[in-house]
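Enquirer: Supplied in structure tokens, the structure appears directly below.
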Amino acid sequence: MQKVVLMGFMGAGKSYWGPKLAQALGYSFIDLDQYIVQQEGRSIPELFAQKGEAYFRAQEKSYLLDLLEQKAPLVLALGGGTPCQAGILPLLLEQKGLQLIFIDPPLAVLQNRLAQEAEGRPLLAQKKGPALQKFIAQYWTQRRPYYLQAPYRFSGEQLDELLALIPRPPKPEQ
Ligand SMILES: Nc1ncnc2c1ncn2[C@@H]1O[C@H](COP(=O)(O)OP(=O)(O)O)[C@@H](O)[C@H]1O
Ligand SMILES: O=C(O)C1=C[C@@H](OP(=O)(O)O)[C@@H](O)[C@H](O)C1
Ligand SMILES: [Mg+2]
């Protein structure tokens, strides 16, 4: 397996688990959002505010395609909306040597986390309280059919559970 790609809703833990998984596997780690920020020289909220969501989505797709060309072993954390863009899921599902994992904590966990962290996420930034919770629940329901297409699902609880999803060659006998 040369690439492990993590997807799931905002707050699912893609950026949280990615580095831990990469370290355990001895792979490099790239967070697609951080990569976009580095390449574009602006934060995600700045990109949305100054260039618009359509620009962000175009760049997100283009940088993802570049990263999928890399040959070295890689753990890649997507943004929550990445696999919901036209044409991206089929690419991820078809690429040889790529393990696609859906991180799927309960909705209530996502709502709690995102209530604390709506600020850095432009889709949520202006919303608060019950309106925020309702928006998250609606968006989550809309996006779930995309995420459920991943061949593997991780509850988001234990590194061992995540590691068990990654096929690895057996250790040579001593
Ligand atoms: N299993 C977990 N245990 C504790 N905190 C977590 C866990 N998964 C994610 N978090 C925390 O939840 C927040 C959202 O996680 P993050 O990785 O940024 O989500 P994503 O990248 O999927 O949007 C972060 O503060 C992160 O540290
Ligand atoms: O769900 C989305 O559309 C987005 C999720 C964010 O990433 P996280 O899922 O890491 O928060 C980031 O890409 C951007 O704010 C848009
Ligand atoms: Mg993230």
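Enquirer: Per residue of the range 140-147, what does 6.51 cos²θ - 1.76 cosθ + 1.60 with θ = phi - 60° give for ³J(HN,Hα)? Whole Hz please, x for Gly and Pro, Karplus curve as stated.
Expert: After applying 6.51 cos²θ - 1.76 cosθ + 1.60, I find 4, 5, 5, 8, 3, x, 5, 4 Hz.
Enquirer: Using only protein heavy atoms and a 1.4 Å probe, report how much of Tyr35 is accessible, in Å² to the nearest 10.
Expert: Tyr35 has an accessible surface of roughly 50 Å² with all protein chains in place.
Enquirer: Take the solvent-accessible surface of the protein heavy atoms, probe 1.4 Å, and return the percent of it on the chain that carbon and sulfur atoms account for.
Expert: Of the solvent-accessible surface of the chain, carbon and sulfur hold 51 percent.
Enquirer: Add -39500 (n - 2.57) for each DSSP H run of 4 or more in the chain, then divide by its residues: what number comes out at 222 nm, to the nearest 500 deg cm²/dmol?
Expert: The helix-only estimate for the chain comes to -15500 deg cm²/dmol at 222 nm.
Enquirer: Now for a separate question. Sort Glu46, Glu119, Glu40 from largest to smallest accessible area, using a 1.4 Å probe on the heavy atoms of the protein chains.
Expert: Largest to smallest exposure gives the sequence Glu119, Glu46, Glu40.
Enquirer: Using 1/(1 + (r/R0)^6) with R0 = 35 angstrom and r between the beta carbons of Glu53 and Leu159, what's the FRET efficiency to the nearest 0.05?
Expert: With R0 = 35 Å, the Cβ-Cβ based efficiency is 0.55.
Enquirer: Something else now. For Lys20, Lys128, Lys14, Lys96, give the ranking by accessible area with the largest first, probe 1.4 Å.
Expert: Heavy-atom accessible area, descending, gives Lys96, Lys128, Lys20, Lys14.
Enquirer: Give the distance, in whole Å, between the Cα centre of the range 31-49 and the Cα centre of the range 118-156.
Expert: For the range 31-49 versus the range 118-156, the Cα centre distance is 20 Å.
Enquirer: Starting from the Cα gyration tensor of the range 38-174, take the square roots of the eigenvalues, sort them a ≥ b ≥ c, and report rounded, prolate or oblate (rounded when a/c is under 1.5, otherwise prolate if a/b is larger than b/c, else oblate).
Expert: Because a/c hits 1.5 or more and a/b fails to exceed b/c, the range 38-174 counts as oblate.
Enquirer: Long-range amide H contacts for Val4: which residues qualify at under 5 Å (H placed 1.01 Å from N, peptide plane, sequence gap of 5 or more or a different chain)?
Expert: Leu74, Val75, Leu76, Gln99
Enquirer: Would you mind getting the accessible area per residue of the chain, heavy atoms of the protein chains only, 1.4 Å probe, in Å²?
Expert: 54 Å²
Enquirer: Another question about this same structure. Amide H neighbours of Phe154 under 5 Å, at least 5 residues apart or on other chains, H built in the peptide plane: list them.
Expert: The list, which skips near neighbours in sequence, is Phe102, Ile103, Asp104.
The values are calculated or read from the model by the stated rules, or taken from the named source; none is laboratory data. Bear in mind that the values here come from a model prediction, so they are computed numbers and not experimental data. Note that each Cβ is placed from the backbone with ideal geometry, even for glycine, and that neighbours are counted across all protein chains shown. SASA here: full protein model, heavy atoms, side chains in, ligands and nucleic acids out. Shrake-Rupley method; radii C 1.70, N 1.55, O 1.52, S 1.80 Å.
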